[in-house]
Each structure stands twice: as C-alpha cells, then as structure tokens.
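For reference, the structure discussed in these notes is given below.
The values are calculated or read from the model by the stated rules, or taken from the named source; none is laboratory data. Keep in mind it's a predicted model, so treat the numbers as computed, not measured. We place every Cβ from the backbone using ideal geometry, glycine too, and count neighbours over all the protein chains shown.
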Ligand code: HEM
C-alpha cells in the first residue's frame, strides 16, 4: 500500500465503517508526509505532545498562510474566527469568558444543574417511540437530544432547528478533508456563506438578549464583564456559532457509536442495564474506541519541529489522527478490544492541551444518561443492519442512521 493512497483511503467513504485497519497501517509511518500534503501524526504520545506544544498553532490565519486554500474568514464573512481557531492570548481570554457562564469554578455549574432536565428530555424522547418496534436512533433520539440541550443552554428557540440545520450542514461538510479536491473552493465558499447566515440569525437573538437578558448563555455572553472584560458583539456571535455546532454535531455520534458498540458487545449492555453507574466507564472507553472526532486537521507549525527524527518545517500543515492514537498498542494494551473495565482510559477523544474540549462535562453527562436510559428501557434491542450507513464526514464520523428493533419499552 503506498502512502499516497493511504490518506486517500482514509478519506474515502468506502472505508468509513471501519477505518481502524488503515490507522494501523498509518502508525507504521508515525510522521507521514506525502508530496504537497499535510504531515500526518498517528501515534499516541506524538499527538499528545504536539497538542501541548506552543509551536503548533490553531490560528486560522496561519492555516491559510500554510496553503490551505481556505478563504480568509473575516474578509469573506465578517465573522472573526471563534476561539477553536485562535492561539493565546485571544484564545484564552475568549475561552475564559465563555467558561465563566458554562462552568465557573467553585460553584455548582450550569451543567450539574441540568442533570434533571437532561433526564426529562431523554424520557420524553424514549416515550415518543410509542408502540413502534423499530426506530432510527439517529433521527428519533441521538440528534434531537443534544440539539434540544444546546438550544436550551444557549437560549436558541428549539423550533428554529430546521432553519439553523440548513446552515449547520454545509459548515460541517466544509470540515471534511474529502472536500479538498475539485469542488473544494465551492464547498468552502458555501460553508462560509452558511456561517455568515447562522451568525446573522444569532445576531437577532443576541440583540434581544442585550435589551432583555435571560437565564441563558447568550445573555451571559453579552453581559459578561469579568476580569477579562467583555466580548465584542462579533466575538459573541463567533462563540455562539461554535457552541451551537460543537454542542450537537459531535454528541450525536458519541451516542450513536455508543449504542452500536453496545449492541455489538451485548454483555456490556446487560451490565449497564443492571448498573447505570457503569455508564461513566463505558463513555470513556467509547471516546477511546470509537471517537466522534477522528482527527484534528487544522493545525500549523509556527517553527521547525522534529518528531521521531523527521523535521517538520515551519509553515507546514499538520493532521493529528486522534482515533489512530487511541488505538496505539504502545499506549494501550489490546487496543482493538472494547473494554470499559481497562484500568487506564486516558484517551485523546476530547483532545488535550489548551484546546481540549470545552463542552466535555456536558458531552459526558449527555452520553451517560442517554446510554443508561436506552439500556434500561429498550426490551431486547437488536441491530437491523450491521454495519449501518455512515455520514460522509471523515472528521466527525458516525452512522447516518442506526435502525434498532426491540420488543417493547420498559
Ligand atoms: C474542542 C471533541 C462535545 C465545545 C474539542 C476538541 C475535541 C472535541 C477533540 C479539540 C479540538 C482541537 O484540538 O482543535 C468533542 C466530542 C464531543 C464534544 C467528541 C461529544 C461527544 C462538545 C460540546 C460542546 C463542545 C457538547 C459545547 C457545549 C467545544 C469547543 C471546543 C471543543 C468550544 C474548542 C475548545 C478550544 O479551542 O479551546 N471538542 N466535543 N464540544 N469542543 Fe468539543
């Protein structure tokens, strides 16, 4: 297998259902560089070290300069990059302001206080299966659940979902490296237009909250005047777009990958039914074994960096393949085994370092409640189709549909 074909195969939709043998191949060349392409890093410790290395930049401007034919966002959309695409000190300031609303230290966080509400949403969705004996878990549960949660958290009307979904879909498609060739710039332009429209939609809500703040995160973002000062309106909009998208496009895949994995390993489904507390370890092992974010393709070196004797020149683009690191046998024993009982599950599924997932407490809690309730309430659940059909996206990977048959509800 040539290296040139290896990256192509990873992004090839035909391999979406099981990319793990390709990642095993990839780890044989821990710093892979094909002509004109990014430097691809696939071993656990290399990824972890680079995620903590200040010579690796997340700044959208550096990525554009590195030859990613990304359009300059502020020029094209009027929206500045959100903090996931910024370096310190801007990144840290914006993340701290957002965090003062999401999970301030030393008092019960917004997320802790939502536990009961999350349970009610899950119960409502499962009750909604009614008398049917077969469901599509994605459309009937795994998508609507985190969407409802992030809408309530931010203060975005849930009934507007069909409107913002039309903008979110092209933005997410624009993250897929498979859109590089040919139609690439069309894709990128469409994604940027959609981001601007989503920003304009949110601007209406932000204006309302500025006049009349409520108990939601949009209100907190516009009114926050802590030690870091206030966000500008543009920063509020960029942050809201980021939270709205990151808040549901990943969790849907964690829940769906989770149920698929449990149905393939029914002993854990049975154990979870008896002991909902096991959901904590199951979710951690899922974030290792089937991570919803497979790779981080948006990093640039801002100095020469040597990894395993290979010098990655300043200005190069880097891909960090989290899902390959998570199955690195140098780090995890028997890595291809789904084993929530393994003592040590320090996965890369939520990233690491300063950009590590901002929504991690919420993502974990949503998945724990969702999986333990599905295990408890579905009588004799079984997969209708294995493997299920997957979404196109190679970065945010998960089934598009997951049809499950069952004998009734408890
Ligand atoms: C960052 C994964 C859920 C908000 C990240 C990163 C990963 C990740 C891997 C690091 C990206 C990088 O290094 O460039 C996930 C997964 C989730 C999830 C697997 C669900 C299972 C959420 C939720 C929210 C959220 C629910 C919001 C409520 C963010 C934000 C960042 C981020 C804002 C950027 C952090 C920064 O740049 O400082 N996430 N995420 N995520 N995530 Fe999540």
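When you check residue 103 against the structure, is it at pLDDT below 95 and either touching a helix residue (DSSP H, G or I) at 6+ places or on another chain (Cβ under 6 Å) or farther than 19 Å from residue 408 by Cα (or both), yes or no? So residue 103 fits the description; yes. Residues of segment 54-70 include none that is in contact (Cβ under 8 Å) with a residue 40 or more places away in the chain, within 25 Å of residue 329 (Cα to Cα) and assigned to a loop (DSSP other than H, G, I, E, B). Looking across segment 251-284, the residues that are within 16 Å of the ligand (Cβ to nearest atom), surrounded by fewer than 22 Cβ atoms within 10 Å (Cβ to Cβ) and under 18 Å from residue 362 (Cα atoms) come down to 280, 281, 284. Number of residues in segment 336-366 that are closer than 17 Å to residue 265 by Cα and in contact (Cβ under 8 Å) with a residue 12 or more places away in the chain equals 6. On inspection, residue 367 fails the criterion of being away from the ligand (no atom under 11 Å from the Cβ), outside any strand (DSSP E or B), surrounded by 20 or more Cβ atoms within 10 Å (Cβ to Cβ) and modelled with pLDDT of 95 or more. The residue that is nearest to residue 286 (Cα to Cα), among those in segment 301-343 that are in a loop (DSSP other than H, G, I, E, B) and within 15 Å of the ligand (Cβ to nearest atom), is 326.
Annotation: of all residues in segment 344-353 being surrounded by fewer than 22 Cβ atoms within 10 Å (Cβ to Cβ) and either near the ligand (Cβ under 6 Å from one of its atoms) or assigned to a loop (DSSP other than H, G, I, E, B) (or both), the one that is farthest from the chain's Cα centre (by Cα) is 344. Within segment 285-297, the set of residues being farther than 15 Å from residue 328 by Cβ, touching a strand residue (DSSP E or B) at 6+ places or on another chain (Cβ under 8 Å) and buried (at least 24 other Cβ atoms within 10 Å of the Cβ) comprises 292 only.
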